Amino acid sequence: MSTTPDKLVERYLKHLEVELDDLPRDRRSEIVDEIAGHIAEARGVLEHESEADVRNILEGLGDPPDIAEDARDRFDVQPALPVAPYKRGSMEIAALVLLLVGGLIVPIFGWMIGVILLWLSNAWNVRDKVIGTIFVPGGLGLPLIGFVLFATGSGGGICISDLNNPSRAACTGEGTSTGDVITVVALIALLIAPLVTTAYLAYRLRHQPAAATA
């Protein structure tokens, strides 16, 4: 099925708008309206318009990229710099691993190397890098060390039942306090945070469509 003249013009103008995307909106609208006016004027003098006639009109105006280039020269607009190509490789994988368990492999320095790799990579934007840095410093190392210190430092109570009267028991040591519960909850949150952060960064790494420079 052949393309109608109206669809040809519509497709041409849309292509022109895309090519003019780096120009200010008012300038872009001005040029598109100007070209649309030329097309309408040329079509108006045709007695029996055909698809071939419209194609000739559009070819006479020039290709949209050429029109856009002339417009940049006219309005002194510099073309946008090309964005660095998106890369996903061993650096990104190493960053994810070290952010999560680097503090366990090489205390402090392992996680710091992960942060450095995170910021060197162009696979994540600035927001992702900030999230990966602050949630949670040290990765799993910090909460696991906290659990060890809590387990060794907390005093677990020991109770001995009276055989003659099972309802009575002699207990020594301190039982679980509210402070202990709060500490455990906080440590669990610290344990979950780096897991969620790593999962988020992995998701962003997989679904990032282009270089993340913003």
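The values are calculated or read from the model by the stated rules, or taken from the named source; none is laboratory data. For clarity, every value in this text was computed on a predicted model and none was experimentally measured. In this analysis, Cβ positions are derived from the backbone assuming ideal geometry, glycine residues included, and neighbour counts consider all displayed protein chains.
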### Task
Filter the stretch 1-31 down to the residues that are over 19 Å from ARG55 (Cα atoms) and among the hydrophobic types (A, V, I, L, M, F, W, C), then identify the one that is farthest from the chain's Cα centre (by Cα).
ILE31
### Query
Applying the selection to the stretch 120-132, what residues are touching a helix residue (DSSP H, G or I) at 6+ places or on another chain (Cβ under 8 Å) and without any contact (Cβ under 8 Å) to a residue 12 or more places away in the chain?
LYS129
## Note on the structure
GLU41 vs (1) modelled with pLDDT of 90 or more; (2) of a type in the set (D, E, K, R); (3) surrounded by 13 or more Cβ atoms within 10 Å (Cβ to Cβ): all pass except (3)
### Residue among ARG43, ARG72, ARG55 that is free of Cβ contacts under 8 Å to residues at least 60 places away in the same chain and within 34 Å of the chain's Cα centre (by Cα)
ARG72
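Every residue, every condition in (1) part of a loop (DSSP other than H, G, I, E, B); (2) modelled with pLDDT of 85 or more; (3) in the same structural domain as VAL106 (by TED's automatic domain parsing); (4) small (Gly, Ala, Ser), yes or no:
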| residue | (1), (2), (3), (4) |
| --- | --- |
| LEU118 | no, yes, yes, no |
| GLY138 | yes, no, yes, yes |
| LEU144 | no, no, yes, no |
| ALA151 | no, no, yes, yes |
| CYS159 | no, no, yes, no |
| LEU163 | yes, no, yes, no |
| THR198 | no, yes, yes, no |
### Message
Here is a check on your reading of the model: is GLY110 within 17 Å of THR198 (Cβ to Cβ) and either modelled with pLDDT of 75 or more or polar (S, T, N, Q) (or both)?
### Response
yes
### Query
Name the residues in the stretch 58-69 that are under 38 Å from the mean Cα position of the chain (by Cα) and hydrophobic (A, V, I, L, M, F, W, C), would you?
ILE67, ALA68
